[in-house]
1. Given an 8 Å cut-off on Cα distances and at least 6 residues of separation, report the relative contact order of segment 509-655 as a percent.
2. Hey, if you put +1 on the Cβ of every Lys and Arg and -1 on every Asp and Glu Cβ in the chain, which of VAL817, PRO725, VAL61 ends up farthest toward the positive end of that dipole?
3. Using a 1.4 angstrom probe with every protein chain in place, what is the largest-first accessible-area order of ARG779, ARG578?
4. Using the beta-carbon distance between ALA447 and VAL797 and R0 = 30 Å, what value does 1/(1 + (r/R0)^6) give for FRET efficiency, to the nearest 0.05?
5. Cut-off 17 Å, label point 7 angstrom out along Cα-to-Cβ of ALA616: give me the residues of segment 117-138 whose amide nitrogen falls inside.
6. Among the trypsin sites (Lys or Arg not before Pro) in segment 290-382, which ones are in a DSSP loop with at most 13 other Cβ atoms within 10 Å of the Cβ? Mind listing them?
7. D for segment 55-143, whole µm²/s, Stokes-Einstein with Kirkwood Rh over alpha-carbon pairs at 25 °C and 0.890 mPa s: what number?
8. Which one, LEU519, ILE679, GLY72, is farthest towards the positive end of the dipole of the chain when Lys and Arg carry +1 and Asp and Glu -1 on their Cβ?
Amino acid sequence: MRAGLDLPFGRMKTIAPAAWRGPIALLLMAASGFAGLGYQIVWTQQSSVWLGHESAAVLAVVAAFFGGLALGAFTMGPRIERSARPLRWYVASELAIAAWGLVLIVAMAPFGAWALDLTGAQPSVLWQWTVAFCATFLLLLPATAAMGATLPAIERATAQWRLAGRSIAAPYASNTFGAVLGVLATAFWLLPELGLARTAGVCIALNLFCAVGALAALTPHAAPVAPPSASSSPARRAALARLAATGLLGIGYEVLVARVLGQLTEDTVYTFAMLLAVYLVGSAFGAAFYRHRLERRGDSQALGDRLFCALAAACLIGTASLWAAERIKTALQQALGPSMSAAVSAEAALALAAFGLPTIVMGALFSHLSARASADGASFGQSLAVNTLGAAVAPLLFGVLLAPALGPKSALLLVASGYLALTTRRARLRAAVWGPALIALALAALAPPLAFVDMPDGGHIVSYREGTMAAVSVVEDRDGVARLRIDNRQQEGSNSSLLVDGRQALLPVLLHRAPKRALFLGLGTGITASVAAQDPTLQVDAVELLPEVIAASRYFTAAVDDGKAHPRLHLIASDARRYVRATPQQYDVIVADNFHPARSGSGALYTVEHFEAVRARMAEGGIFCQWLPLHQLDLATLRSIVRSFIDVYPNGAAILASNSLETPVLGLVGTRNESRFDIDAVRDRLARTAFPMDLAGFGIDDEYALLGSFVAGPKALARFAGDAPANTDDRPIVAYRAPRVTYAPDSRPRDRLIALLHELVIAPGDVMAFSTDPDRARRLAAYWTARNRFIEAGRDVRPSANVQQMLAQVREPLLSVLRTSPDFRPAYDPLMRMATILARADKAASRALLAEIAQTQPGRPAAGPARLQPADARAPLP
């Protein structure tokens with residue numbers, strides 16, 4: 001029933017002064033809860049590196065935690081129950097957790113490398129999830145099994161302190177509140193400031209504190225517990241079965257709600273922390289409420305039935321809140337204003353609406369069922385073991401199997417129905433059961449699916465696929481512009497960005513002298529990889545984590561390959577990070593997609609360790625290009641990524657994918673042999689290229705257009721990075737810093753781009769080797785200057801369909817750019833387009849504009865009109 005390590009303890013007789021007994025015990029409980037949830041978050045982050053996705057890591061780590069707890073309670077619980085010195089068991093268990101936590105600080109990385117090799121570069125779905133769950137379970141088992149032993153040990157050690165019975169409600173609440181503090185402190189403070197290893201060190205220190213504190217404050221002896229009587233066996237089995245079922249259903253509900261809210265929230269590390277914190281707070285309040293209001297109710301069986309019915313109703317209310325979640329979030333964000341704290345608060349409110357009532361009842365029900373099991377002769381270790389065993393199965397059953405098979409709505413209604421099925425036969429004849437059952441049937445028949453897709457006016461859904469790790473949709477607006485989205489919030493591209501997406505393939509591929517094999521990490525719409533595969537001399541591998549994205553990409557790549565499977569394009573369903581570490585293949589060109597840095601697990605694709613793994617896959621003379629979405633990055637986070645990149649590629653450079661002001665994309669380029677680019681070789685490469693498509697259509701007319709995309713060399717990147725901390729597996733700076741601009745942007749993308757260009761200074765000799773005409777250096781430098789002026793000139797332009805209004809804004813700036821560099825085509829084409837449109841209404845003005853253009857472009861005064869099509873003057877060019 002719980003989403004973390006919740007230590008149910010009891011009241012005890014201690015060797016400390018009587019007034020201190022309660023506070024000391026509660027402090028130990030809170031410290032244990034803090035450490036347990038701290039470990040869970042740390043190990044989830046570490047495991048996501050080799051599991052490939054944070055959602056997969058969450059499922060695997062939660063299952064491993066509960067599986068280890070169950071095994072520890074099953075194997076050691078009976079011995080602890082019979083022991084007269086349970087305090088020794090508790091202290092030994094806390095020390096074992098601390099020791100294994102220390103081992104994992106050192107062993108996590110090599111274990112992850114071994115697990116990557118075991119998984120393989122292209123595993124089947126069955127093998128991938130088998131390794132994910134089993135390897136994570138085995139990795140964490142020594143610590144989680146010890147955690148499972150601490151629970152019955154402390155329960156036995158504190159037995160003499162309790163005034164009556166064996167209720168665990170108050171200690172359970174204390175421990176859970178400690179767990180809440182652990183979640184929030186770890187996510188919002190410890191990990192961003194200390195990193196993973198040092199945060200684990202804090203948890204280790206808390207384990208040691210618990211061991212020392214228990215020795216100092218608790219009595220070393222406890223009265224032995226009589227074994228359960230045989231006459232209570234049937235009742236005991238029924239009680240334990242209910243505990244197992246509630247563990248399964250409770251964590252199943254958590255997994256499903258988190259999955260649905262992932263389509264409405266920003267899906268950052270802070271989102272996960274808030275969801276978990278709200279879940280735990282509700283459980284703690286429920287346990288406290290049970291102790292103060294329900295514990296002494298006379299009819300225990302009737303109370304249990306009422307709690308099951310109440311929990312089914314609460315789950316239905318929580319599920320119903322999900323349909324209104326988008327409106328709730330919008331209203332709160334408008335009321336609270338634009339800030340990160342407001343955005344996180346809005347996400348917390350969504351979690352509260354979905355988790356609030358259900359988790360309160362879950363906390364009360366767990367306390368009640370534990371008391372019933374104890375009264376029926378079950379030891380606390382047995383109760384804990386079966387409950388956590390059910391919880392361990394939930395991530396696999398609900399997260400991997402039922403959610404994609406049935407959809408989140410049906411799976412959530414199944415959870416509510418499961419609670420109703422746990423009532424007694426007598427209760428099932430009452431309205432308390434039939435009422436929620438009828439509501440569940442009505443929701444199943446009448447309510448829409450819990451699938452959220454932002455729909456433009458006049459638009460429609462082309463496709464929607466619910467996968468194991470995400471929901472993938474293709475949405476087309478009334479103008480025929482289709483967009484690919486992951487979990488609704490993450491846009492992966494559209495068919496309107498074909499030219500820019502194609503440039504993200506062509507720029508690195510054409511910079512290589514003669515590439516034979518290329519690797520694309522991340523598929524998106526598939527346009528980038530498909531454009532590269534048009535080169536008849538190039539074999540292209542494209543790695544994509546989500547099979548649903550691969551299926552959806554066919555809708556977009558039809559514009560490049562007519563919807564046919566390309567023989568030189570090989571699509572691989574795998575994690576990008578895992579693939580580059582596991583494959584033996586060497587590549588001439590490796591291109592990494594512009595992954596949203598704040599999204600789940602994406603920060604791991606910008607680490608020093610990942611860049612090193614990519615370098616190991618590069619053939620001699622190879623080129624690596626890491627694209628970065630500057631519109632989703634603040635400059636401080638970008639500095640850390642650049643620092644990480646140049647730590648591996650010290651002679652790295654930077655390029656722009658296009659001159660877009662709304663969605664600027666920056667590329668970091670590194671080479672295997674750290675050599676500069678030869679302009680003669682680039683010109684020859686363009687002359688020899690056999691691409692069937694016109695490269696000029698992608699804005700690559702000649703070597704100046706290609707090399708003109710550079711914005712920085714090694715020295716400029718080093719100055720820009722400064723003393724920014726590197727993003728590493730141990731200190732994931734990007735994952736915790738990037739969400740700031742996602743939650744509350746502090747500037748426009750165009751302003752960040754221009755600010756970046758002001759900081760970067762580039763000279764031809766920084767990245768180019770000129771073997772012939774020195775005039776080329778001057779022309780290239782002029783091209784870069786013109787490019788920067790072109791971008792700055794567009795910052796305050798207001799697009800308009802009226803050509804006269806557009807000319808009034810851009811005529812002189814663009815002509816000035818052309819005077820700076822006649823080679824700079826992006827300023828030439830818009831003017832020619834406007835001259836063509838202007839000729840319809842004012843031929844004299846059109847001829848005057850053409851004359852001015854000809855003065856700046858003597859080499860091609862009439863080339864433009866023949867190639868240009870009359871189009872909207874606002875249409876962007878690369």
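1. Once divided by the residue count of segment 509-655, the mean separation gives 23 percent.
2. Of the listed residues, the answer is VAL61.
3. Greatest to least solvent exposure: ARG779, ARG578.
4. Using R0 = 30 Å, I get an efficiency of 0.05.
5. Within reach of a label on ALA616: 117-122.
6. Within segment 290-382, the qualifying trypsin sites (Lys or Arg not before Pro) (loop, at most 13 other Cβ atoms within 10 Å) are ARG296, ARG297.
7. 168 µm²/s
8. Going by the charge dipole, the pick is GLY72.
The values are calculated or read from the model by the stated rules, or taken from the named source; none is laboratory data. If you're wondering where the values come from, they're calculated on a predicted model, not measured in any experiment. Here the Cβ is made from the backbone with ideal geometry for all residues, glycine too, and neighbour counts use every protein chain on show. All accessible areas refer to the heavy atoms of the entire protein, side chains included, with ligands and DNA or RNA removed. Shrake-Rupley method; radii C 1.70, N 1.55, O 1.52, S 1.80 Å.
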